[in-house]
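Written below as structure tokens is the structure these notes are about.
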Amino acid sequence: MPWTRTQLDAIAAADDFRVAPFRADGETPGTPTFIWSVVTGGALYIRAYSGAGSRWFRAALDQGAGQVQAAGRTWDVTFHPVDDSVQDAVDDAYRAKYADSRYLAPMISDRAHGATVEVRLRD
């Protein structure tokens, strides 16, 4: 199910994004983890600061679904690995949204590229 423009605009403007992939039972959301999110090309992306070894990232790929919280809402979502074709656009979105942060460089690094997923609404 695609995000609406209103939903994406609200998430893009917010700085309170949390991700909670399901636990091993496939039903119970894990502990919400605060992370950065960006919107580009009509899609929502998140990255793990610490790379592919990040606990939430591994759970997102293993379970493929969970919940996210942003802009005062909670959504049921699915997580999808991305290929290199979107990395430059995602980097640009991170630069635009988080330009003043000292954490920007690690978030646009090769390590973070390997831990990027697209977040889609669950049907």
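Would you check if VAL77 is modelled with pLDDT of 95 or more, outside any helix (DSSP H, G or I), under 11 Å from the mean Cα position of the chain (by Cα) and among the aliphatic types (A, V, I, L, M)? When the stated conditions are applied, VAL77 passes them. Scan the range 87-110 for residues that are in contact (Cβ under 8 Å) with a residue 24 or more places away in the chain, touching a helix residue (DSSP H, G or I) at 6+ places or on another chain (Cβ under 7 Å) and either farther than 19 Å from GLY42 by Cβ or aliphatic (A, V, I, L, M) (or both) and the total you get is 3. Considering the conditions (1) under 14 Å from the mean Cα position of the chain (by Cα); (2) within 17 Å of LEU121 (Cα to Cα); (3) part of a helix (DSSP H, G or I); (4) not β-branched (Val, Ile, Thr), ASP9 is excluded by exactly one of them, (1).
Evaluating TYR94 against the criteria (1) closer than 19 Å to ARG122 by Cβ; (2) crowded, with 16+ Cβ neighbours inside 10 Å; (3) in contact with a Leu (Cβ under 7 Å, 6 or more places away or on another chain) leaves one unmet condition, (1).
Scanning the range 8-50 for residues that are among the small types (Gly, Ala, Ser), within 20 Å of ALA65 (Cβ to Cβ) and in contact with a strand residue (DSSP E or B) (Cβ under 9 Å, 6 or more places away or on another chain) turns up ALA20, GLY26, GLY30, SER37, ALA43, ALA48. Scanning the range 12-49 for residues that are free of Cβ contacts under 8 Å to residues at least 24 places away in the same chain and over 11 Å from the mean Cα position of the chain (by Cα) gives ASP15, ASP25, GLU27, THR28, THR31. Applying the criterion of being assigned to a helix (DSSP H, G or I) and among the hydroxyl-bearing types (Ser, Thr, Tyr) to the residues of the range 84-123, the residue that is farthest from ALA48 (Cα to Cα) is SER85.
The values are calculated or read from the model by the stated rules, or taken from the named source; none is laboratory data. What you are looking at is a predicted structure, and each value in this text was computed from that prediction instead of being measured. Glycine gets a Cβ as well: all are built from the backbone with ideal geometry, and neighbour counts include every protein chain shown.
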